[in-house]
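Before any comments, here is the structure.
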Protein chains: 2
Amino acid sequence: MKIKEIGEFGFINRIKQDTVVKPQNILRPIGDDSAVYSIDNGKVNLITTDMLIENVHFLMNRITPEDLGYKAIAVNLSDIAAMGARPEHAFISLGIPGDIPVDYLDSFYAGMKEIAKKYELNIIGGDTALSKSGFIINIAITGTAFPDKILYRNTALPGDKIFVTGCVGDSKAGLHILNNNDPSNIEYPELIYAHNRPYPYVDEGLFLSKSNGVHAAIDVSDGLVSDLGHIADESSTGYVLYADSIPVSETLKKFCAHLSFDVIEFAVTGGEDYVLVFTADHKYASEIVKSYQDNFEKYLYEIGVITSSSERILENKHGSRQLLNNKGWDHFKSTDL
Amino acid sequence: MKIKEIGEFGFINRIKQDTVVKPQNILRPIGDDSAVYSIDNGKVNLITTDMLIENVHFLMNRITPEDLGYKAIAVNLSDIAAMGARPEHAFISLGIPGDIPVDYLDSFYAGMKEIAKKYELNIIGGDTALSKSGFIINIAITGTAFPDKILYRNTALPGDKIFVTGCVGDSKAGLHILNNNDPSNIEYPELIYAHNRPYPYVDEGLFLSKSNGVHAAIDVSDGLVSDLGHIADESSTGYVLYADSIPVSETLKKFCAHLSFDVIEFAVTGGEDYVLVFTADHKYASEIVKSYQDNFEKYLYEIGVITSSSERILENKHGSRQLLNNKGWDHFKSTDL
């Protein structure tokens, strides 16, 4: 069955089941001119939005529809997580080619509903349009937070220690495998998984927002150096990154050794890792690390320090230093244009 | 200058000026992972979102970038207006072809900022992505309302009078002219204007939400019959439309006479009119009409009645009746697929 056989309203009726997981504050979900929901007193509302375009952000034959739906929500949740907020509601706009099978869309929604349920996120609105140029996904997610607990990008201070919540570089390696149809990909399913099903650090972001001494945060979407560059730019600081402290997975090391890639370059320029990078007052650092470990049974990785100079520096094991610029993945300047 | 020469962040810096027109509640506008703003106590928040895709919803050589920006915001404002809410903040996601001139985008934003200023709407977030398949626009707009004042679709009652706030059919005629490059279009600039610069009935929607006896409302985006069909479907009612009471402009009459089109068919199936259709208790109808006229120096047009049967009927001058179905513009079933 093709989407053009069931029409827009047939499609909306099909996908609106199981979209509200927290009904308390929902006055009107999918099906009116706007979704309507109430906000708790004393809190502020956040909105993030991300557009994913076929053949730019994904190839339909390299990711299952379930994973695509899962990832489309995950990358937006990651933006809410990076502010230390609680995700609340999602709005899904789709540009759909007329010959797309309805089964494909059902699977896409199944992936979205899977992660939405996991993070108690309601899907309560959106738009569906015909597309003559591939599958287009735009997702907006709202969140709530107490105004004094939000983590911004421009609040890093010189002397802050820089932490990251997980390994970087796996997603870029997964993308490399997918793009090159490398026959060795069977050896590295974890890398493809990291690219197709990123983990949004929602609970971890909430934890950090409540921890004393955490100053600035961002999620790694464009690459560690590029995203840390945003913190540095907007906080008018620089940083030193310790190359050997940056967490990389054993699988990535094996992959890079196998293909003669520089593992540190993969780690710092990767992109789409969706780990959180944050800065914290050095006096609170050990307390934050311990408490995080107690809560999540996971490590926080200290990878550098914020400096008052505007230089961005990568320091290697033996103390040699290399100047960085904010390179990373700039959507418009990418060389494949 | 092409967009790929200035890059994503160059573009963001370029467009973020003049985007916040009501700074009071804005904690963080464009430039962090999410926009942050506070909500008044006791009110609820609404969100609407609309995706516009090149070659589906617009042709870049048939609408100026200013008008396209203006219209993209207007159609979303219309959804907020149809709920009787006050628009607050806009979030703009764009999929941008790499060779689009920066001037084009500046003009597009100028059109958005023009209407945003007029309706006191802040532009405070969004996303920009590279598109390899045309210009893609997704806009989300939030609004606020008191929960007991919101106008829904499913609250029409049998016996309600049906009103419309303005003429229908002009936009469809404008589209016909644009699509057919009709040399006569010079005679009908109003029709092209109606299509390219729709008027969102924001103040009027707010007025109706506060008026006693107004039951259900929707904006005419797919066509009068189709959108009134949503009210009928969701309120489990039917309706009778009086063909001769439906307001049509003198220009549309001239246009239809000239090209031998049925003016009523244009009016009831048109689409993209963005007038409001609402239903009101017959006891309050004359009070609403008078008070609306006093406030806005404009008419409300009574065009029919809600019935308890599920039939949808068009009644002609001499009392002859014709059964309607919910035809209109279904995005996926349209015959041009």
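The values are calculated or read from the model by the stated rules, or taken from the named source; none is laboratory data. Remember, predicted model here, so these are calculated numbers, not experimental data. Cβ placement follows ideal geometry from the backbone for every residue including glycine, while neighbour counts extend to all protein chains displayed. Accessible surface is based on the protein model in full, side chains and every heavy atom, while ligands, DNA and RNA are left aside. Shrake-Rupley method; radii C 1.70, N 1.55, O 1.52, S 1.80 Å.
Annotations for the structure displayed:
- Restricting attention to region A:293-305, the residues being open to solvent by less than 60 Å² (accessible area, probe 1.4 Å) and in contact with a Leu (Cβ under 8 Å, 6 or more places away or on another chain) number 2.
- On the stretch given as region B:125-139, residues that are facing chain A (nearest Cβ under 8 Å) and at pLDDT 95 or above total 2.
- Residue in region A:88-97 that is open to solvent by 20 Å² or more (accessible area, probe 1.4 Å), modelled with pLDDT under 95 and either facing chain B (nearest Cβ under 9 Å) or farther than 22 Å from A:K2 by Cα (or both) present: yes
- Residue match in region B:32-42 (condition: open to solvent by 40 Å² or more (accessible area, probe 1.4 Å), within 25 Å of the chain's Cα centre (by Cα), more than 8 Å from chain A (Cβ to nearest Cβ) and touching a residue at least 12 places away in the same chain (Cβ under 8 Å)): no
- All conditions in (1) buried (at least 22 other Cβ atoms within 10 Å of the Cβ); (2) within 17 Å of the chain's Cα centre (by Cα); (3) within 12 Å of another protein chain (Cβ to nearest Cβ) hold for A:V75, with the sole exception of (1).
- Hey, B:I115 within 13 Å of chain A (Cβ to nearest Cβ), out of contact with any Lys or Arg (no Cβ under 7 Å at 6 or more places or on another chain) and either of a type outside the set (F, W, Y) or not in a helix (DSSP H, G or I) (or both) or not: no
- Residue satisfying all of: in region B:1-31; aliphatic (A, V, I, L, M) and open to solvent by 20 Å² or more (accessible area, probe 1.4 Å); farthest from the other protein chains (Cβ to nearest Cβ) among these: B:V21
Per-residue answers, yes or no, for (1) open to solvent by less than 10 Å² (accessible area, probe 1.4 Å); (2) at pLDDT 95 or above:
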{"position": "B:S249", "(1), (2)": "no, yes"}
{"position": "B:L252", "(1), (2)": "yes, yes"}
{"position": "B:H258", "(1), (2)": "no, no"}
{"position": "B:T269", "(1), (2)": "no, no"}
{"position": "B:Y274", "(1), (2)": "no, yes"}
{"position": "B:E287", "(1), (2)": "no, yes"}
{"position": "B:S291", "(1), (2)": "no, yes"}
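- Hits in region A:306-337 (condition: in a loop (DSSP other than H, G, I, E, B), open to solvent by 90 Å² or more (accessible area, probe 1.4 Å) and either of a type in the set (F, W, Y) or modelled with pLDDT under 90 (or both)): A:K317, A:H318, A:N325, A:K327, A:K333, A:T335, A:D336
- Test result for A:P65, closer than 21 Å to B:A140 by Cα, touching a helix residue (DSSP H, G or I) at 6+ places or on another chain (Cβ under 7 Å) and more than 8 Å from chain B (Cβ to nearest Cβ): no
- Test: B:F163 is at pLDDT 95 or above and touching a Phe, Trp or Tyr at 6+ places or on another chain (Cβ under 6 Å): yes
- Taken over region B:142-153, residues that are more than 8 Å from chain A (Cβ to nearest Cβ) and either of a type in the set (A, V, I, L, M) or open to solvent by less than 10 Å² (accessible area, probe 1.4 Å) (or both) amount to 1.
- Lone unmet requirement of (1) more than 30 Å from A:Q322 (Cα to Cα); (2) assigned to a loop (DSSP other than H, G, I, E, B); (3) small (G, A, S) for A:G205: (2)
- If you check A:A156, A:A110 for being under 23 Å from the mean Cα position of the chain (by Cα), under 29 Å from A:D227 (Cα atoms) and hydrophobic (A, V, I, L, M, F, W, C), only one passes: A:A156.
- Scanning region B:102-114 for residues that are buried (at least 21 other Cβ atoms within 10 Å of the Cβ) and either among the hydroxyl-bearing types (S, T, Y) or without any contact (Cβ under 8 Å) to a residue 60 or more places away in the chain (or both) yields B:F108, B:Y109, B:G111, B:M112.
Each row is one residue, and each column tells you yes or no for (1) within 24 Å of B:G125 (Cα to Cα); (2) among the basic types (K, R).
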| position | (1), (2) |
| --- | --- |
| A:D67 | no, no |
| A:G84 | yes, no |
| A:P87 | yes, no |
| A:P101 | no, no |
| A:K113 | no, yes |
| A:D127 | yes, no |
